[in-house]
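J.: Supplied in structure tokens, the structure appears directly below.
The values are calculated or read from the model by the stated rules, or taken from the named source; none is laboratory data. These figures come from a predicted structure and were not determined experimentally. Neighbour counts are summed over all protein chains in view; Cβ atoms, including those assigned to glycine, are modelled from backbone coordinates with ideal geometry. Just the protein is used for accessible areas: all its heavy atoms, side chains included, with ligands, DNA and RNA removed. Shrake-Rupley method; radii C 1.70, N 1.55, O 1.52, S 1.80 Å.
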Amino acid sequence: MGGDKTTGDEAGSSPPSNLETLTMAAVAAAAGYDREDGGGMAAPPGAGAREAYDPNYVPDSVKTFVAHLYRHIRDKNVYEIHQMYEGGFQRLSDRLFRDAPWPSAEAVAPYCDGDHVFLLLYRELWYRHAYARASSAPLAAAHRAESWANYCDLFSVVLHGVVNMQLPNQWLWDMVDEFVYQFQSFCQYRAKLKNKTEDELQQLKQFDKAWNVYGVLNYLQALVEKSMIAQILEREKEGLEQFTATDGYDYQGGSNVLKMLGYYSMIGLLRIHCLLGDYHTGLKCLAPIDLNQQGVYTIVIGSHISTIYHYGFANLMMRRYVEAIREFNKILLYILKYKQYHQKSPQYDQILKKNEQMYALLAICLSLCLQHNLIDENVSTQLKEKYNDKMTKMQRFDDEAYAAYDELFSYACPKFITPSPPALDQPLTNYNQDAYRLQLKLFLYEVKQQQLLSGIRSYLKLYSTITIAKLAQYMEVDEATLRSILMTDKHKMHAVDNYGKIVSSADFDFYIKEDVIHVMESKPIKRHGDYFLRQILKFEEMIGELEKVQFD
């Protein structure tokens, strides 16, 4: 919720379209909190306006919502918690709190027996809703620091206390996702110093410890280690655990909270390291999750998209183009098939935005690494419709090509951050774009190096064998320089994967033997089966349509 959150913005299963899917008991419960207040205290004048907000005023529907949510959490009723979290909270927010915050935690405490852990969860929702509604006026540093303190308290309870509850995976993913988003948002906020008021600058000085990058990383890493999720996933490979089969839930009366927060924290760490430009460490954090297998990360679509988006981007920046292409192809095909099932999700727009960004990243990958045989025909069709002209330009490596690379990268990259606090005793300037400019510069430098190699690749594709002397003559360079260019091409088209193995991104390879270059072009495997199946299905549809036609 809130802002442009790289892939974490998306919700998973769409909220119920009506209450018929609930049990009869849940219908009665939902009716209490999912309607306009009738009777009881009247809403204060201008309740929808932020300036008239009374933090102690609790509408009847909110009292009922809090009481039922608290009861379901105590009873570990995951299904009902999910319905209230995904449906009821969103509908109440849209109806009663579109332009104002929810009632304060202190005001709703009487309706949950003042339960400390429940109120921490409520505050997490409260601040998330505040961030989502703060597009017109950014939250003050004080509010951001209060949200940070609440996350610290909540994660400390999970890490050091005994949490005996089960929460929906959607909520636990959103918790980690929002934690990373608010860190990113705070870094961007404090980097825009130019137009800050004296009060805002004073708050930044006062809350200079809030959202410290080391604190954020330490909490996520602590959740990973305390949950022992890496060991759980390792034992699952040996058949000693049933983590994926149970979607991470504990059906023996235990809790899934620590386990799933640890699991999602690995994805959160990948995202943060991508924002910091440390792609190697980000991929290392995600290593325990095998993306080649069906995993719990795919259950919530926001988690699925965020994982692949950041994983693919990190691989792109590390020149592992083939791996990036494979994963982008899989997720884009998945979204193409299933996005209609998420149309009622409040995060549907974010799903579509991440979808467009990943098509842009795929276009970049395929322009730098001509491996079109790795993508599905349906994805290829969509890609050509969106970026065919730009991909044609990017093959030329001229000024227009650089402009196209710049445009696509700027549109599709994460919102990079500078994690260090500002020097407030120096002239105030905005430095929120510095990290982005640095990553763009490094990326375009890589593109420039690829341009120098494009000429030699076009020559090598024309020959199966050619002497170094002859190719040097064609390239108008001496033999020593040509050997250096050939070695550079080898380096640029090869990368070390996550397992330490050297993999090639080129569509052909070559070696030198006795001053003769031998070129080996890889032949793509032709897959005729899928083509024939699609044509058969189309033919059957045509026959079905023809059978409906009635002739006079």
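J.: Which pairs do you get when a residue that is assigned to a loop (DSSP other than H, G, I, E, B), found in the range 357-381, comes within reach of a residue that is among the hydroxyl-bearing types (Ser, Thr, Tyr), reach meaning Cβ atoms under 6 angstrom, with the pair 6+ apart or on two chains?
T.: Here the result reads 369/321; 369/505, each pair linking the range 357-381 to a residue that is among the hydroxyl-bearing types (Ser, Thr, Tyr).
J.: Any idea which residue in the range 408-455 is surrounded by the most Cβ atoms within 10 Å (Cβ to Cβ), counting only those that are in a helix (DSSP H, G or I) and of a type in the set (S, T, N, Q)?
T.: Narrowing the range 408-455 to residues in a helix (DSSP H, G or I): 408-412, 434-455.
Of the ones still in play, those that are also of a type in the set (S, T, N, Q) are 410, 439, 449-451, 454.
Values: 410: 12, 439: 18, 449: 13, 450: 21, 451: 13, 454: 13.
Step by step, filter the range 408-455, then rank; the result is 450.
J.: Going by what's in this entry, would residue 345 be described as surrounded by 18 or more Cβ atoms within 10 Å (Cβ to Cβ), outside any helix (DSSP H, G or I) and of a type outside the set (D, E, K, R)?
T.: Spelling it out, residue 345 is indeed surrounded by 18 or more Cβ atoms within 10 Å (Cβ to Cβ), outside any helix (DSSP H, G or I) and of a type outside the set (D, E, K, R).
J.: Considering the range 263-285 alone, what residues qualify as being of a type in the set (Val, Ile, Thr) and open to solvent by 40 Å² or more (accessible area, probe 1.4 Å)? I'd like the intermediate steps shown before the answer.
T.: As a first pass, look at the range 263-285 and keep what is of a type in the set (Val, Ile, Thr): 267, 272, 281.
Of everything in the range 263-285, just one residue is of a type in the set (Val, Ile, Thr) and open to solvent by 40 Å² or more (accessible area, probe 1.4 Å), namely 281.
J.: Let me ask you something else. Take the residues of the range 231-262 that are buried (at least 17 other Cβ atoms within 10 Å of the Cβ) and among the small types (Gly, Ala, Ser): which is nearest to the chain's Cα centre (by Cα)?
T.: Restricting to residues being buried (at least 17 other Cβ atoms within 10 Å of the Cβ) and among the small types (Gly, Ala, Ser), the top hit is 262.
J.: In addition: Looking only at the range 389-407, decide whether some residue is crowded, with 21+ Cβ neighbours inside 10 Å, small (Gly, Ala, Ser) and part of a loop (DSSP other than H, G, I, E, B).
T.: No - not one qualifying residue is present in the range 389-407.
J.: With the structure loaded, tell me whether residue 351 is in the same structural domain as residue 293 (by the TED database) and open to solvent by less than 10 Å² (accessible area, probe 1.4 Å) or whether it fails that test. Outline the logic, then answer.
T.: Details: in the same structural domain as residue 293 (by the TED database): yes; open to solvent by less than 10 Å² (accessible area, probe 1.4 Å): yes.
It is true that residue 351 is in the same structural domain as residue 293 (by the TED database) and open to solvent by less than 10 Å² (accessible area, probe 1.4 Å).
J.: Exactly one of (1) at pLDDT 75 or above; (2) under 30 Å from residue 314 (Cα atoms) is unmet by residue 493. Its number?
T.: Against the list (1) at pLDDT 75 or above; (2) under 30 Å from residue 314 (Cα atoms), residue 493 comes up short only on (1).
J.: Evaluate the following for residue 126: is it buried (at least 18 other Cβ atoms within 10 Å of the Cβ), touching a Ser or Thr at 6+ places or on another chain (Cβ under 8 Å) and not in a helix (DSSP H, G or I)? Give the derivation first.
T.: On the way: buried (at least 18 other Cβ atoms within 10 Å of the Cβ): yes; touching a Ser or Thr at 6+ places or on another chain (Cβ under 8 Å): yes; not in a helix (DSSP H, G or I): no.
Considered against the rule, which asks whether it is buried (at least 18 other Cβ atoms within 10 Å of the Cβ), touching a Ser or Thr at 6+ places or on another chain (Cβ under 8 Å) and not in a helix (DSSP H, G or I), residue 126 comes out as no.
J.: State all residues of the range 368-379 that are open to solvent by less than 50 Å² (accessible area, probe 1.4 Å) and either at pLDDT 90 or above or not polar (S, T, N, Q) (or both); if no residue qualifies, say none.
T.: Step one: list which residues in the range 368-379 are open to solvent by less than 50 Å² (accessible area, probe 1.4 Å), which gives 368-369, 371, 374-376, 379.
Across the range 368-379, the qualifying residues are 368, 369, 374, 375, 376, 379.
J.: Okay, next question. Which condition number in (1) under 18 Å from residue 73 (Cβ atoms); (2) outside any helix (DSSP H, G or I) is the one that residue 154 fails?
T.: Looking at each condition in turn, residue 154 falls short on (2).
J.: For the range 410-426, indicate whether the set of residues that are within 30 Å of residue 201 (Cα to Cα), more than 33 Å from the chain's Cα centre (by Cα) and without any contact (Cβ under 8 Å) to a residue 60 or more places away in the chain is non-empty.
T.: First, the residues of the range 410-426 that are within 30 Å of residue 201 (Cα to Cα): 410, 413-426.
With the extra rule that they be more than 33 Å from the chain's Cα centre (by Cα), the set shrinks to 425-426.
Filter once more, keeping what is without any contact (Cβ under 8 Å) to a residue 60 or more places away in the chain: 425-426.
For the range 410-426, residues within 30 Å of residue 201 (Cα to Cα), more than 33 Å from the chain's Cα centre (by Cα) and without any contact (Cβ under 8 Å) to a residue 60 or more places away in the chain: present.
J.: Also, I was wondering about something else. Could you say which residue among 209, 196, 192 is open to solvent by 10 Å² or more (accessible area, probe 1.4 Å), touching a strand residue (DSSP E or B) at 6+ places or on another chain (Cβ under 7 Å) and on the phi < 0 side of the Ramachandran plot?
T.: Numbers: 209 fails: touching a strand residue (DSSP E or B) at 6+ places or on another chain (Cβ under 7 Å); 196 fails: touching a strand residue (DSSP E or B) at 6+ places or on another chain (Cβ under 7 Å).
Result: 192 is the single residue among 209, 196, 192 that is open to solvent by 10 Å² or more (accessible area, probe 1.4 Å), touching a strand residue (DSSP E or B) at 6+ places or on another chain (Cβ under 7 Å) and on the phi < 0 side of the Ramachandran plot.
J.: Name the pairs whose Cβ atoms lie under 6 Å apart, with the first residue in the range 313-335 and without any contact (Cβ under 8 Å) to a residue 60 or more places away in the chain, the second among the polar types (S, T, N, Q), and 6 or more positions between them or separate chains?
T.: What qualifies is 324/315; 325/371; 335/355.
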